[in-house]
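Bear in mind these aren't lab numbers, they're just calculated from the coordinates by the rules spelled out. Note that this is a predicted model, so its numbers are computed, not measured. Backbone-built Cβ (ideal geometry, glycine too); neighbour counts: all protein chains shown.
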Amino acid sequence: MVFKGARHYLHSTDLYPELIAGAAACGWRVDGTIDIRFKRSIATQPIFHFDGSVGGAESAAAAAEFTLGVGKETVVGRIVGSDRPVTGRKTYDERGIWNLANIADRSVCLLGDSGYAPIEVATALTLLLHNKVLPVTIPGRRWLLARLSLNRPLAPADAIDISVEIRQVIGRSMTSSALTTSRGALGQIVFMVGQP
């Protein structure tokens, strides 16, 4: 994996598709709920563990934990940073999404096709909405994705049909937002103020 834009950590928009691809490589077709809880950023090549619930030091070492709906089963695992460095970088500019965004009160949607992947659209729209409605005033801090809970895997059509609405604000450091499409509820996305 490579860094996106000027970031010095791996972006959730790259970790999500790698997680789905990793599950597929293990023979699992993710077709149900997806829940990813990010505990800290990852600045080295990630390792995806599909080994169930673990405790103690293994759980503490995880930068993220996840559950994936596969048929009638739930696959549980974690993402850990390795000792292998990230050596590449690719261009990434969320303004291609932001320029097509329409904000109304505490919600945002797209007014066209940005050409970005659904996970990129969901996170970029959520970030834009937070920066406009609840700007962070603490130097060195910013809104970060803390949790992504989906009712189903993201589909290509979601990239032009997704909307985000802030539903709950806890203090000024955490929010829960609804993700919806024209087909109904897609899930929720939790953001919190942190230092990347």
Computed for the chain: size of charge dipole around the Cα centre, +1 on C-beta of each Lys and Arg, -1 on C-beta of each Asp and Glu, debye to nearest 20, value 520 debye
Could you give the dipole magnitude of the range 93-194 about its Cα centre, charging the beta-carbon of Lys and Arg +1 and that of Asp and Glu -1, in debye to the nearest 20? 440 debye
Around G69, what is the net charge, scoring Lys/Arg as +1 and Asp/Glu as -1 over all other residues with Cβ under 13 Å from its Cβ? 0
Going by alpha carbons, how many degrees (0 to 90, nearest 10) lie between the helix axis of 118-133 and the longest principal axis of the chain? 50 degrees
Could you compute the net charge surrounding Y92? Neighbours are other residues with a C-beta less than 12 Å from the C-beta of Y92; K and R count +1, D and E count -1. +1
Of every Cα-Cα pair in the chain, the percentage lying beyond 23 Å is 44 percent
How far is helix 12-25 tilted off the main Cα axis of the chain, in degrees rounded to 10, range 0 to 90? 40 degrees
Calculate the length of the line joining the C-alpha centroid of the range 28-42 to that of the range 147-166, in whole Å. 14 Å
Hey, can you grab everything whose amide H is under 5 Å from the amide H of F3? Only 5+ residues off in sequence or another chain; H modelled, so Pro and N-termini drop out. G88, R89, K90
Using per-residue counts of other Cβ atoms within 10 Å, averaged over each peptide, order 114-126, 141-153, 84-96 from highest down. 114-126, 141-153, 84-96
Estimated [θ] at 222 nm from DSSP helical runs (n ≥ 4, -39500 (n - 2.57)) normalised by residues in the chain, nearest 500: -6500 deg cm²/dmol
D (µm²/s, integer) via Stokes-Einstein for the range 93-194, Kirkwood Rh across alpha-carbon pairs, 25 °C, 0.890 mPa s: value 182 µm²/s
Just going by the charge dipole of the range 69-121, with Lys and Arg at +1 and Asp and Glu at -1 on Cβ, which of G81, G71, L100 is farthest out on the positive end? G81
For the range 98-103, Karplus-derived ³J(HN,Hα) couplings (6.51, -1.76, 1.60; θ = phi - 60°; whole Hz; x for glycine and proline) come out as 4, 5, 9, 8, 10, 9
Under 12 Å, Cβ to Cβ, from A6 - net charge with Lys/Arg +1 and Asp/Glu -1: +2
Per residue of the range 31-43, what does 6.51 cos²θ - 1.76 cosθ + 1.60 with θ = phi - 60° give for ³J(HN,Hα)? Whole Hz please, x for Gly and Pro, Karplus curve as stated. 9, x, 5, 10, 9, 10, 10, 8, 9, 6, 6, 10, 10
